[in-house]
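**Student:** Here's a structure for you.
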Amino acid sequence: MSARIVRTVAELRAALAPHRADGVGFVPTMGALHEGHLSLVRTARAETAVVVLSIFVNPTQFGEAADLAAYPRTEDEDVALASAAGADLVFAPSVDEMYPTGFATTVSVGGALTATLEGAVRGRSHFDGVATVVAKLLVAVQPDRAYFGAKDAQQVVAVRRMVADLGLPVAVHALPTSRDADGLARSSRNARLSPAERELASVVPRALRRAQDAFADGLRDPRRLGAEVDAELAAAGLAAEYVEVVDADDLEPVDRVIRAALLAVAVRVGPVRLIDNVTLVPGVDDRISIEGRTS
Ligand code: PAF
């Protein structure tokens, strides 16, 4: 059955009112759905009675106007895919519905959580845009559970902080990064890669995997782990915007990986900025699976 599309918060609330007590699951997206989003919908479907997926290309989280303009918009296809994966409602508001005239409030998550990694490159305003729209979406939907992908690890950490700080009654679930067979993290932006760029992009997961292999062999020095990533990228003619190893909880830099750390990378391939990450946990072997790789 096709999910019902609602465009306003009032319509959304009215549609959810009879089902509120049953449990609402929520998957926020900017559309251009891929398997990563659909796996979040399927998990929400299995865990909650009513599943809402939002599609809103949020202008306030884009730095470059060109990136916003080029962001793929495929609503009809998205609704069909979301429905098949088990969404009941698609909330697809207009920019005016989300940011009416006079809108003047920003939700800003401070500290290293938003100043490092993507925050250092894109500016804190990116995460202000994300936090503000996610807060608005959570207030609109009032879900019991909200589902995010671990590819945007810093977004997940910032959203968890915001939810805790504002006391929002929602459980935030981060599901493992969804990957293509060659290991590339799925992203709506991948659609903008040419076939040659798509091929080159597969170096990114291979670079992370090389660092994971070194970590599994006992390497704990963040600089040397980062150097493994850089070396793999350089061999393919790529250079990272950043490669960093930070604490998985507070995103502060670490001197040595003695507890869960995030190895995060950003690389530009053609017109697309790819971001990816893996978690390094001493004693845990959770390496990226790359088709055709024998070891
Ligand atoms: O991850 C995304 O797609 C977006 O940042 C989100 C969470 C939908 C907010 O616009």
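Every number in this text was worked out from the coordinates using simple rules, so none of it is lab data. Here the structure is a predicted model, which is why all the values come from computation and not from measurement. Note that each Cβ is placed from the backbone with ideal geometry, even for glycine, and that neighbours are counted across all protein chains shown.
**Student:** Tell me, in nm to one decimal, what length is gained between Ala115 and Ala234 on full extension, where the rule is 0.36 nm per residue of separation less the Cα-Cα distance?
**Tutor:** 40.2 nm
**Student:** I've got another one for you. Treating only the Cβ atoms of Lys and Arg (+1) and Asp and Glu (-1) as charged, compute the dipole magnitude of the range 136-295 about its Cα centre; round to the nearest 20 debye.
**Tutor:** The calculated dipole for the range 136-295 is roughly 400 debye.
**Student:** Roughly how many debye, to the nearest 20, is the charge dipole of the range 1-51 about its Cα centre, given +1 on each Lys and Arg Cβ, -1 on each Asp and Glu Cβ, and no other charges?
**Tutor:** Around 140 debye, computed over the range 1-51.
**Student:** Taking the Cβ of each residue in Ser2, Ser54, Ser39 as the centre, tally the other Cβ atoms inside 10 Å and list the residues starting with the fewest.
**Tutor:** Listed from fewest to most nearby Cβ atoms, that is Ser2, Ser39, Ser54.
**Student:** With viscosity set to 0.692 mPa s at 37 °C, what whole-number translational diffusion coefficient in µm²/s follows for the chain from Stokes-Einstein and a Kirkwood radius over Cα pairs?
**Tutor:** Diffusion coefficient, whole number: 165 µm²/s.
**Student:** For the range 20-157, what is the charge dipole size about the Cα centre, in debye to the nearest 20, if Lys and Arg each add +1 at the Cβ and Asp and Glu each add -1 at the Cβ?
**Tutor:** Roughly 360 debye for the range 20-157.
**Student:** Of all DSSP beta bridges located in the chain, what percent are antiparallel, nearest 5?
**Tutor:** Looking only at bridges with both residues in the chain, the antiparallel portion is about 50 percent.
**Student:** Can I ask one more? Where does the chain land at 222 nm, in deg cm²/dmol rounded to the nearest 500, when only DSSP H runs of n ≥ 4 count, each adding -39500 (n - 2.57), divided by all residues?
**Tutor:** The helix contribution divided over the chain gives -12000 deg cm²/dmol.
**Student:** How far apart, in nm, are the 7 Å Cα→Cβ label points at Arg259 and Val284?
**Tutor:** 1.3 nm
**Student:** Need the full-extension length gain, Asp213 to Arg273, defined as separation in residues times 0.36 nm minus the C-alpha distance. One decimal, nm.
**Tutor:** 19.1 nm
**Student:** Please report the spacing between the Cα centers of the range 7-30 and the range 172-231 in Å, no decimals.
**Tutor:** Centre-to-centre distance over Cα atoms comes out at 35 Å.
**Student:** Assuming R0 = 35 Å, what is the FRET efficiency of His173 and Glu252, from their Cβ-Cβ distance, to the nearest 0.05?
**Tutor:** After rounding, the FRET efficiency stands at 0.90.
**Student:** When only Cα pairs under 8 Å and 6 or more residues apart are kept, what is the percent relative contact order across the chain?
**Tutor:** Relative contact order, the chain: 17 percent.
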